Every structure is written in C-alpha cells, then in structure tokens.
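Structure, as structure tokens:
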Amino acid sequence: MNSFHVLFVDDEEELVSTLVERLEYRGIIADYAVNGNQAQEKLKREKYNVMVVDLKLPGLSGEELVHIVNKTHPNLPVLMITGHGSGKDGSFEKPDGVFELLQKPIDLSVLIKKMEEAIEANEPG
Amino acid sequence: MDEQTQNITASSEEGQGSLPRYHRLRVNLIIVPFLAALIPLMIMAVINYYQDYNAYKTENNYTISHLLSNSKRSLQFAIEERRAVLSLIARGRTLKDLSDDARLMATLRDLKESFGDFVDLGIIDDGGNQTFYAGPYKLKDINYMNQSWFHEVSLRGTYVSDVFMGYREFPHFVIAIARELENGKFYILRATIDTKLLNSQIYLLESNEQIDMFIINKSGILQTASTFYGDVLDTIDLQIPSRLLDREIIKEQILPDRGDMTMGFASIVESPFILIASLKHRDAFLHWLTLRSDVVWFLLASMLGILVTVSLRSKYIVSRLMESDTRRAKILHNIEYTNKMATLGRLSASVAHEINNPLAIINEKAGLINDIASYGPDFPKKDKVLGLVDSITSSVERCSRVTHRLLGFGRRMEFRKEQIDMKSLINDVLDFQRSDAAHRNIQVNLNIEPDIKTIQSDRGQLQQVFLNLINNAYSALEKDGVLDIDLRHPNTNEIEVKITDNGVGIDKKDVIHIFEPFFSTKGESGTGLGLSITKDIVEKLGGVISVTSELGKGTCFIVNLPIERVE
C-alpha cells in the first residue's frame, strides 16, 4: 500500500495532533481539523484519500459533516469514530455514507488497516 | 450446612402478622368495636332483666293484693254477719225469751240451719255466770268473771276472740254481745264458732297454689292451718308490720329457711285476726327465671358472634393494610433505588467520559514516545524509556477497563430483555466491592463451571439482585472472611448462582422471616426491604431464591434463573 493522505476531524487537538505525528512515522501523510468548518476549508485546498471524523464535534456534528462531504466529495471514503458510551445505549448505528464505524479507544494498527481498506474499496477498478 | 439449618424457598413465605405494630392494630381493631357493640347490648340486657323482674313483681304484688282484699272483705263480712245476727237476737228478744235452755236450743238450731258453723250459745249474767247454755258440751254454770274477754265485752259491748281449743277440744273462736237491761244490769250472749268458717273463707279464694293464705292473731299464733308455716295454734315467727289498721301491706321478706318471699298483710277489723298471703319467689318467678337464662344465653351467643365477626374482619383489614403498606414501601424503595442508580449511572458515565479523553491522549502521547524511540536514532537508556512507555500504556489500559465498566453500568438502567453473560455480570457487581474486599482482606472465590450459557433476562434487575446479595454477604463477613460464588447449570433450563459467606450467619428464628417485608436484622440501619425486593425481582424474572443459614457459621443464598425467559 502506497502512502496516502488522510484528514482527521476531531476537536481534541492534543489527541489528534499526536495521532497525526505517529502516522507520519509510519509514512502516512496526515492532517487534522478541529471542527466541521475547518475540515471543509481543508478539503477545498487539499486532496485527501480518506477522512476520519469524530462523531462528537462542536458546532457542525460529525454526522452533518459526513452528509455535506458526501455531496461535495463523493469519492472520499469516510471513517467515523465514536466515543464509548455515545449514542442512546452505546450501540450507535453506522450512518449512511460512512465506510466503517470505529469505537474508541482506537488501536493505531487497526486504524491504519481500516483506512487502507476504505481507500481500496473506493478505488475504481 | 447441616440438617439443623432451615431451608426456605422464597415462594413459600408470605409475611404475616409477625410485626408488633400490626398486631397491636389488630388487637385495637378487635377490642374497640367489640366493646362498642357489647356495652349497649349489656346495658339493654340489664335493663331488660330488671324491667322483666319488676313486671313480674308487680304482677305478683297485684295477685296477692287482689286475693288479700277479696279474702279480707269476705272474712270481715262473715264475721260481721254473725255478730249482727247475735246482736239482732239479743235486741229482738227479751232476756226472758232466752232464759230458757229449750228456747236457747231452738235459737241455736235456727242459727245452725242458717250458718252451719255455730257450735253453741250461752247467756252469761253480769256476775260472769253462764246461766243458760245450749250446745253439745256441759258448760252450764261456768263462771267467766275472771277472764279478760268478759271484761272487754262488758266494756265495749262486742267481742271477737282468738282461736283456741278450750274445753271443746277443737279450734274455735267466740263472738260475744253485751246487752244492757233497764235496771242498769247487763247480760252477755256468747256464741262459739267453728274455725271452719275462717278456713272456708280462705280456701274459697285460695285458687293459686303458689300462694299460702292463712290467719294469725296479734301474738303470732296461727288461727288457721298454713301450708308452709304450720298447723292451727302453732306460734310462728313473722315480722308483722305495725300500723296495719285498715290497709293492706305488701312487702318482700327474706326468711332464712324459706328464701325470698312476697308477703301481704291485712287486718280484719273488729277482730284479732290478721290475714296473711305469702308467695315464694322461686315458684312465682319460675317463668321469669327461664326468661332470664334465655337472655343470658342470647347475650353470650351475641358476644361470641360479635367477637368472631370483629376478629375476622379486623384480620382482613389488617392484612389489607399490611399489603398496601408493603406495596407502598416497596414502590418508594424502588423509586429511591432507581433514582439512586440512575444518578449513580449518570455520574459514573460523566466521570468515565471525562477521564476517557485524557486517557486517550496519554495513550497516544505514550505511543508517540514509543514511535520516536523506535523509529528515531538510538540514544542512551532507550530500552529504559521503552519499558516506561510500556508501563504507561498498560496502566492506561487498566484505567480504561474501569471507565468502561462505569459507562456500562450507567447505561444499563433501562428495562429490557437481552442475552446476559452471568460471569461478566457477577464480575461487574464484584468490581463495585473490590476495594472493600481488598481492604478487609476478604477472599472472593469465583467458581464457574465451564460452558456457562448466556441467559435471557434483564441486566439492570439482575445487577440489583446480585448487588444486594453480595452486599449482604460483605456486611455479614468479618475480616479475613471468604465469599464463594458458584455458577453452574443444575439442569439444561436453569442457571444457578450460589453465594456463600462464612460470616456471622442468621438466627434460626429469623431465617424464616428473612424475605418478609420490613424484616431486618440490621436494626435501624436497614429498611427490611432489600431481600423482600430481591425476592420479588427474582420471581418476576421467573426464578427462585432460597436461603440456608446457621448462626456463627455463615449464610448461603441460592438463586436459580431460567436460561430462557418464558412469559
């Protein structure tokens, strides 16, 4: 698998910045946004192979962002992360337009594997 | 557990009347209406008793009074009639007419023909000599000068004597009339009358067999025979009311040898006779006595009836009250518990959430350190750093397990049916007590049979059941105690959870009440509802709970739950 470009959307900057740095050690070009608007800005300027969105975001929610991005960038696969205990009884249904729903805490190797799967599944041919 | 311990299944015990508060209430509910009903009844019975008694007394008094006045009238009339005849004889004829035995005899014959009870007739001169005599006895020339009656008749002109035997050897009395002559002298016409006269006047009216009628004189000597008091001329000891005069007097007397009597007295005017009618109460009141015993029986039967009704009714009311009290207390307890658990759930969820985020950051930072050390150039003490990172990561993992349990607990408050892994459920519950167990050095042994199936049940409810049972076990355990939890399938349809502690145990007399509401061995600190609600929940989930215990040795609760819930 070649190197790819990923955008994280998570309001926990400490966490997401560390994650980005760790991915870079593994040859993955990662970037992050701390809210929905910033994510849309970044998507306009850069080209990403995959986007990883936290369900809980300040302002525009994760689901709403996914909905918008699905329209503006129909070819961008999206992974969603939920915190433990989110949703009504913890069993949150995977929304439309999301490739895979991942539960926190995320093991880094699992995350990479899932991103690769998402990109592969999205590539034409 | 040896055979001395009692084994009670939860379904066989219903809390009944073991509480002093309800017992007192029930006693009050019996006593108050019982007295309220009984007191008027008793008053009525007493009033009725005396009214009846008085009615009978009045009737008796009336009967006696009636008899007495009738007899008195006819006796008075009979005596008066004879006196009048004698007086007529004395006035209508001259002394000369009578001063002849043969003529006197003829007069006596006439009198006998008319009246029957004249015995003899005599003429006595003012010297007391019986100058002429007609009759069956040889009494001519007897002198009566020194006899008291002679003086009385010479003074008052008329005289009726007491009954006496005299020369004639049968009871009789005398009527004497004094007649003055022109020369200032007088003579006396004296007639002896058989007491048959008195008897006949009495017997004639003595129709009521219970009434004894007789005549006595003023000295208490019987003038006629009495059924109860004796024969003619016997002296009897009777209290005769003074000042009888022309009245009849009725009074009650208690005679030592004859019991209660109603006595009527009437004086016969111009004679020494007193007419007496006596009635023995025991005879007269016989009917009333049966009535009285009827009243007593009725009263006793009513009392019994009231008592039975009231006590059954109060038992019903108290049991209903207890039921509703129990229901209310359980509801309140449940609400309180649910609120507590919901609050606890929310609190633990928010705490867990707040901790989770920094934990994730720590985890990632540690990961980054690890990456830097692994991917970057070698540096001194690299291995040491990697070791530290590992230890941070594993500590984070431990924290995260705790926060996840907290989140899971908070989320499980809703009622629902799901597949439950009993092993993890018991572990979750134990986690809440783990620090306490460690602190008191309590050893917890979880023995789980291999291949334990999941069961279909309600997680929140089961948590409540086992939280309560394990909590109780911990309270019973002392330092260094042992808590055994065994999980097994006794058959293919059930799962059995056995919670055994070697703590203080429960007294034999208490163990049978342990599932009753409000029963507590913890004194003021317990509501007495914990095990009652636990039992309710287990039964609601289709299960059975039982307990065995021995004082000083420990307690064992066994909960059997169906693997598949049958509605």
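Any residue that is more than 14 Å from chain A (Cβ to nearest Cβ), closer than 24 Å to B:Ser532 by Cβ and free of Cβ contacts under 8 Å to residues at least 12 places away in the same chain - is there at least one of those in the stretch B:309-322? Yes, that holds for at least one residue.
Per-residue answers, yes or no, for (1) modelled with pLDDT under 90; (2) away from chain B (no Cβ under 14 Å); (3) under 25 Å from B:Asn357 (Cβ atoms):
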site	(1), (2), (3)
A:Val50	no, yes, yes
A:Val53	no, yes, yes
A:Thr82	yes, no, yes
A:Phe92	yes, no, yes
A:Asp96	yes, yes, no
A:Asp107	yes, no, yes
A:Glu116	no, yes, no
A:Ile119	no, yes, no
A:Pro124	yes, yes, no
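Having 2 or more residues that are touching a helix residue (DSSP H, G or I) at 6+ places or on another chain (Cβ under 8 Å), modelled with pLDDT of 85 or more and surrounded by 13 or more Cβ atoms within 10 Å (Cβ to Cβ) is the bar; report the strands (runs of 3 or more DSSP E) wholly within the stretch B:403-522 that clear it. Spell out how you get there, then give the answer.
On the way: elements: B:418-420, B:443-448, B:455-457, B:482-488, B:494-501.
Answer list for the stretch B:403-522: B:443-448, B:482-488, B:494-501.
Against the conditions (1) touching a strand residue (DSSP E or B) at 6+ places or on another chain (Cβ under 9 Å); (2) away from chain B (no Cβ under 13 Å), A:Gln103 satisfies every one except (2). Filtered by the rule that a residue be part of a helix (DSSP H, G or I) and within 14 Å of chain A (Cβ to nearest Cβ), the stretch B:370-396 gives B:Asn370, B:Asp371, B:Ile372, B:Ala373, B:Ser374, B:Tyr375, B:Val389, B:Ile392, B:Thr393, B:Ser394, B:Ser395, B:Val396.
In this structure, A:Val16 qualifies as within 13 Å of another protein chain (Cβ to nearest Cβ), modelled with pLDDT of 90 or more and under 17 Å from A:Val110 (Cα atoms). When the criteria are applied in full, B:Val85 fails the requirement of being within 23 Å of B:Phe173 (Cα to Cα) and touching an Asp or Glu at 6+ places or on another chain (Cβ under 8 Å).
Once the stretch A:27-55 is narrowed to residues that are assigned to a loop (DSSP other than H, G, I, E, B) and in contact with an Asp or Glu (Cβ under 8 Å, 6 or more places away or on another chain), the residue that is nearest to A:Asn70 (Cα to Cα) is A:Tyr48. Do we find a residue being of a type in the set (Phe, Trp, Tyr), at pLDDT 85 or above and loosely packed, with under 15 Cβ neighbours inside 10 Å anywhere in the stretch B:112-134? Scanning the stretch B:112-134, I find no residue that is of a type in the set (Phe, Trp, Tyr), at pLDDT 85 or above and loosely packed, with under 15 Cβ neighbours inside 10 Å, so the answer is no. Pairing residues of the stretch B:345-369 that are closer than 14 Å to A:Leu15 by Cα and facing chain A (nearest Cβ under 7 Å) with residues that are surrounded by 20 or more Cβ atoms within 10 Å (Cβ to Cβ) and among the basic types (Lys, Arg), at Cβ distances under 6 Å and at least 6 apart in sequence or on separate chains, gives B:Gly367/A:Arg22; B:Leu368/A:Arg22.
A quick yes/no check of all residues on (1) within 60 Å of the chain's Cα centre (by Cα); (2) surrounded by 18 or more Cβ atoms within 10 Å (Cβ to Cβ); (3) modelled with pLDDT under 85:
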| site | (1), (2), (3) |
| --- | --- |
| B:Ala178 | no, yes, no |
| B:Leu181 | no, no, yes |
| B:Thr192 | no, yes, no |
| B:Leu198 | yes, yes, yes |
| B:Ile211 | yes, yes, yes |
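The values are calculated or read from the model by the stated rules, or taken from the named source; none is laboratory data. If you're wondering where the values come from, they're calculated on a predicted model, not measured in any experiment. All Cβ positions, glycine included, derive from the backbone under ideal geometry; neighbour counts span all protein chains shown.
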